Amino acid sequence: MKCALVTGGSRGIGKAICIKMAAMGYYVLVNYKSNETEAKDTLSQIAGNGELVQFDVADKEQVQQVLAAWVAANPEKYIEVLVNNAGIKDDGLMLWMKDEQWDKVIDTSLGGFFYVTRFVLNSMLLKRYGRIINVVSLSGLKGLPGQTNYSAAKGGVIAATKALAQEVGRKGITVNAVAPGFVKTDMTAGIDEKEMAVLIPVRRFGNPEEVAHAVAFLASPESGYITAQVISVNGGLYS
Ligand code: NAP
């Protein structure tokens, strides 16, 4: 059975990606860190066509332990699509940024990408097929003030996307990234859309489903000749 693993699938963009992957016919592994209620809601929205896998992507032992146990218990299933979506922000000007603010943002986006992808890669290489999609950010392309930690984390994932794509291209595995601008989720709940919208050519924030659409495009078998790319889903805010 073909599976898609979506990290941070309990809320926001990750939830929309889980729903889209299920609509594409995948059995979806819905990862989350702590919000079990929302993770169960995702599972109910995909009509139970998947399961919850709880782990902190920033914790390498947990990633290894939970995914190894899942593989051992499910020899007939295979993770064909990996969407590294889990991410957090903890903004502040660099001068006042604490070590923990730097570490946890880097560890979640960049560390999480490394730990989860490294685990999943082996079986993709054996099957000679895979789709890896990393949800990055406008911040990782442009850099945003107040987000040196977040911009570094996402910029790092963009560079790793391009490097890994070159390592595994001949094995039938594509590695791409999707870079959202402002999308309506819990992460942007404190930002005034009306105030920001004047800067966005499309004049509004995006919806999680619009990001999921780009992820689904890259996840499809027909996208086999697209790799090492970053697709922006930002209403034209930056290009
Ligand atoms: P969100 O609504 O805050 O949801 C974050 C998701 O990530 C939740 O499912 C959360 O799980 C999960 N998560 C956080 N830390 C985790 C960890 N250590 N291990 C496993 N799961 C973890 O965020 P979002 O707006 O949907 O963002 C999704 C991705 O898009 C992130 O990578 C973010 O940086 C990126 N992005 C978002 C925007 C935007 O405007 N919203 C723009 C650019 C990029 P719990 O529910 O268990 O906490």
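Given the peptides 148-161, 114-127, arrange them by the average over their residues of other C-beta atoms within 10 Å, most packed first.
Per-residue mean Cβ counts within 10 Å order the peptides as 148-161, 114-127.
Counting heavy atoms of the protein chains only and a 1.4 Å probe, report the per residue accessible area for region 2-233 as a whole number of Å².
Dividing the accessible area of region 2-233 by its residue count gives 47 Å².
Find out how many positive minus negative residues lie around GLU195, taking Lys and Arg as positive, Asp and Glu as negative, among other residues whose Cβ is under 13 Å from that of GLU195.
Working: positive: LYS194, ARG203, ARG204; negative: ASP192, GLU193.
Overall, the nearby charge balance is +1.
If you take the square roots of the eigenvalues of the alpha-carbon gyration tensor of region 55-115 and sort them as a ≥ b ≥ c, do you get rounded (a/c under 1.5), prolate (a/b over b/c) or oblate?
In terms of gyration-tensor shape, prolate.
Any idea how far the Cα center of region 169-239 sits from the one of region 1-47, in Å?
18
Please determine, in degrees from 0 to 90 and to the nearest 10, the orientation of helix 60-73 with respect to the longest principal axis defined by the Cα atoms of the chain, where the helix direction is its Cα long axis.
That helix lies at roughly 30 degrees to the long axis.
Rounded to the nearest 20 Debye, what is the dipole magnitude of region 114-211 about its Cα centre when Lys and Arg each give +1 and Asp and Glu each give -1 at the C-beta?
So the magnitude is around 580 debye.
Take the Cα radius of gyration of region 2-233 and divide it by 2.2 N^0.38 Å, with N its residue count; two decimals is plenty.
Expressed relative to 2.2 N^0.38 Å, the Cα Rg reads 0.96.
Dipole of region 2-233 (Lys/Arg Cβ +1, Asp/Glu Cβ -1, origin at the Cα centre): which of GLN229, ILE19, GLY9 lies farthest to the positive side?
It is GLN229, whose Cα lies furthest towards the positive end.
Where both residues lie in region 1-76, what percent of DSSP beta bridges are antiparallel, nearest 5?
Here the share of antiparallel DSSP bridges comes out near 0 percent.
Leaving ligands, DNA and RNA out of it, rank PHE217, PHE55 by accessible area with a 1.4 Å probe, largest first.
Of PHE217, PHE55, the descending order of accessible area is PHE217, PHE55.
Please report the Cα spread of region 138-197 along all three principal axes, rounded to whole Å, starting with the longest.
46, 21, 17
Using +1 at the Cβ of each Lys and Arg and -1 at the Cβ of each Asp and Glu in region 98-239, identify which of ILE158, VAL120, LEU110 lies farthest towards the dipole's positive end.
Farthest towards the positive pole: VAL120.
About the Cα centre of region 2-233, what is the dipole size in debye to 20, counting +1 per Lys and Arg Cβ and -1 per Asp and Glu Cβ, all else neutral?
Details: 24 positive and 23 negative charges, 158 e Å.
The dipole of region 2-233 has a size of about 760 debye.
If the only charges are +1 at each Lys and Arg Cβ and -1 at each Asp and Glu Cβ, what is the size of the charge dipole of region 55-95 around the Cα centre, to the nearest 20 debye?
Working: 3 positive and 7 negative charges, 17 e Å.
Computed about the Cα centre, the dipole is about 80 debye.
Quote to one decimal, in nm, the extra length available between ASP103 and LYS162 on full extension: 0.36 nm per residue of separation minus the C-alpha distance between them.
Computed gain between ASP103 and LYS162 is 18.9 nm.
The values are calculated or read from the model by the stated rules, or taken from the named source; none is laboratory data. Nothing here was measured: the structure is a model prediction, and the numbers come from that model. Using ideal geometry, Cβ is built from the backbone for each residue, glycine included, and neighbour counts are taken over all protein chains shown. Heavy atoms of the whole protein, side chains included, go into the accessibility calculation; ligands, DNA and RNA do not. Shrake-Rupley method; radii C 1.70, N 1.55, O 1.52, S 1.80 Å.
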